[in-house]
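Everything below concerns the one structure shown next.
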Amino acid sequence: MDILAVVGAVLAFAAIIMGNSLEGGTFASLLDGPAFIIVIGGTLGAIILQTPYERLKRSVSLLSWVLIPPTFLWRDEIERMATWSRIARREGLLGLENVADGTADDFHRKGLELLIDGVEPLTIRRLLESDCQARLDADIAGSQVFRSMGGYAPTIGILGAVIGLIQVMGNLANPEELGNGIATAFIATIYGVGFANLLFLPIADRIKSLAIRKSSADEMFIEGLIAIAEGEHPRNIEVRLQGIAAVA
């Protein structure tokens with residue numbers, strides 16, 4: 001679990017609650033069921049209407065990255081590629097068959113199988129880069145779902161506030177109720193702006209940045225695989241991949 005993500009979310013909401021308390025407000029004053037339903041329900045409804053099923057499904061699966069992001073052990077990956085190179089130089093490319101069989105990642109296994117089959121390096125690069133770009137595009141498209149939610153939520157929050165004010169206007173005969181009614185109406189705006197800027201937009205940017213880093217790791221894998229196919233010395237491969245990892 002990424003503790004920093006939890007700390008960031010808790011700190012953001014705690015700052016709002018503490019600020020409200022310092023201004024003389026109470027935590028209960030920030031709670032309003034109808035406003036929550038309007039903002040969250042309206043935002044979810046709009047995003048479901050906007051987003052194709054496959055992209056929506058992808059975005060839900062990427063949500064786990066917020067707390068459990070993919071790990072990028074660059075040094076371990078470089079050492080593994082160097083080990084594969086030594087096996088290939090010692091036993092030939094067919095010596096990597098056991099490695100391919102024991103590889104869980106579909107992308108890595110496909111690359112190894114292409115290498116073992118003796119496919120030309122340029123063809124391996126073209127096929128794997130196509131898959132890499134497709135995965136990156138899908139991940140970024142998934143992050144855009146949360147960015148769109150960050151765009152809808154404030155507007156729907158304003159809609160909730162207007163709905164609340166309409167109810168307030170119906171109680172003009174009871175002036176003592178107007179203050180509480182107006183305050184409640186504007187809670188919907190707080191929810192809309194708060195959820196957008198404290199959750200939806202940060203989640204979108206976090207997923208996007210992780211997707212780009214994951215793509216960089218895939219590109220490093222491709223470079224290492226091509227180097228093995230071209231028969232480069234393991235030490236040269238390590239140096240080559242260290243340069244890529246340094247800027248990833």
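What to note about this one:
- Looking across the range 110-128, just one residue is charged (D, E, K, R) and in contact with an Asp or Glu (Cβ under 8 Å, 6 or more places away or on another chain), and that is LYS110.
- In the range 197-225, of all residues being aliphatic (A, V, I, L, M) and under 11 Å from the mean Cα position of the chain (by Cα), the one that is surrounded by the most Cβ atoms within 10 Å (Cβ to Cβ) corresponds to ILE207.
- Some residue of the range 160-173 being closer than 30 Å to VAL6 by Cβ and not in a loop (DSSP other than H, G, I, E, B): yes
- Within the range 210-221, residues that are more than 16 Å from SER143 (Cβ to Cβ) and in contact (Cβ under 8 Å) with a residue 40 or more places away in the chain have Cβ atoms under 7 Å from residues that are small (Gly, Ala, Ser) and assigned to a helix (DSSP H, G or I) in these pairs: MET220/ALA245; PHE221/GLY111, counting only partners at least 6 apart in sequence or on another chain.
- Conditions (1) buried (at least 21 other Cβ atoms within 10 Å of the Cβ); (2) under 27 Å from PRO69 (Cβ atoms); (3) not charged (D, E, K, R); number of the one not met by ILE156: (2)
- Entirely in the range 1-65, the helices (runs of 4 or more DSSP H) that have 1 or more residues that are farther than 26 Å from THR155 by Cβ and assigned by TED's automatic domain parsing to the domain that holds ILE187: 53-62
- On inspection, ARG240 passes the criterion of being basic (Lys, Arg), under 25 Å from ARG90 (Cβ atoms), assigned to a helix (DSSP H, G or I) and at pLDDT below 85.
- Against the list (1) of a type outside the set (Lys, Arg); (2) over 22 Å from ARG240 (Cβ atoms); (3) modelled with pLDDT of 90 or more, the condition LEU112 fails is (2).
- If the condition is being of a type in the set (Lys, Arg) and modelled with pLDDT of 90 or more, then the range 211-237 contributes ARG213, LYS214.
- Cβ-Cβ distances below 9 Å connect the following pairs, each with a first residue in the range 36-62 that is acidic (Asp, Glu), a second residue that is surrounded by 13 or more Cβ atoms within 10 Å (Cβ to Cβ), and a separation of six or more residues or different chains: GLU54/ALA138.
The values are calculated or read from the model by the stated rules, or taken from the named source; none is laboratory data. None of the values given here were measured: they were computed from a predicted structure. Methodologically, a virtual Cβ is constructed for each residue, glycine included, from the backbone with ideal geometry; neighbour enumeration extends over all protein chains shown.
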